[in-house]
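The structure under discussion appears below in the form of structure tokens.
No value in this document is a laboratory result; all are computed from the given coordinates. Predicted, not measured: the structure shown is a model, and the values here were computed from it. All Cβ positions, even for glycine, are placed from backbone atoms using ideal geometry, and neighbour counts span all protein chains on display.
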Amino acid sequence: MPSADRPSDLGFPERRGASPLSATLKRLKREGCSVLVCGVVGDAVRAEMTRRLFGSTEADRWRILGRTSTASLAPSAYFPVDLQSDRRAVVVSHPDAARTRATADGIEAAPVASERQQTRATSSEIAESDALRAALTEAVLKVAGHNHLSPGVLRVGVTSVGAFLDSGVDEVIEFVRTVESPVHAANGIFHVHAPLSHDDDRIAALLPHFDVRIDLRISDPLPPEHRWYLPAVDERTTWMRL
């Protein structure tokens, strides 16, 4: 009989009993990892998954959100904490949106681009993915450089890389590789949303660059559900209520 799965307060599911899946999940929580979240669902469901991955409100966390131009929800929807009161919640937005400026223990969230970069962006010489990648990397380096972070404390998420896929899978892979490097160096957890079905060819092309794939679904009249797949051990959890 398969082991039962249940969500943990860290955002990771817990499985009763010993298995390659449970051992791998424990290691990823300890060492840090990259998570690909997929599924053809609405922004509200993706935001709920991000809140879970950002971790319990009772835990000490640094949370950095990369908000792309396709996001329809306010930044606060993605956080399990109050943005105005939590000085460790940072939002980095796309160049053309009104940025949410946050400070984190005296560290100002990196703007998406400098004035020089914004001029280049206006002339279409720099893509949104390039600007957001640079800004997120800078924000992560500032947080990690000014603080001693225990494993799992740093959580970084991106609302959607769907628009970046218009430039090809390689664009997203380069984005992920750049941002995840300083996140992993701090033993943090990095996740991105791709609004595609788990069996889409583009998800298959992206998966080798991630440690975990989370599938989201809505099967009316049931509430949203999620399941986790770990390619390293080729195991998945059961579907769980989000």
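Extension gain for the segment Arg241 to Arg202, taken as residue separation times 0.36 nm less the Cα-Cα distance, is 11.5 nm to one decimal.
In terms of other Cβ atoms within 10 Å, Lys142, Lys26 run from fewest to most in the order Lys26, Lys142.
Computed packing ranks the peptides 200-209, 39-48, 156-165, 72-81 as 156-165, 39-48, 72-81, 200-209, most packed first, by mean other Cβ atoms within 10 Å.
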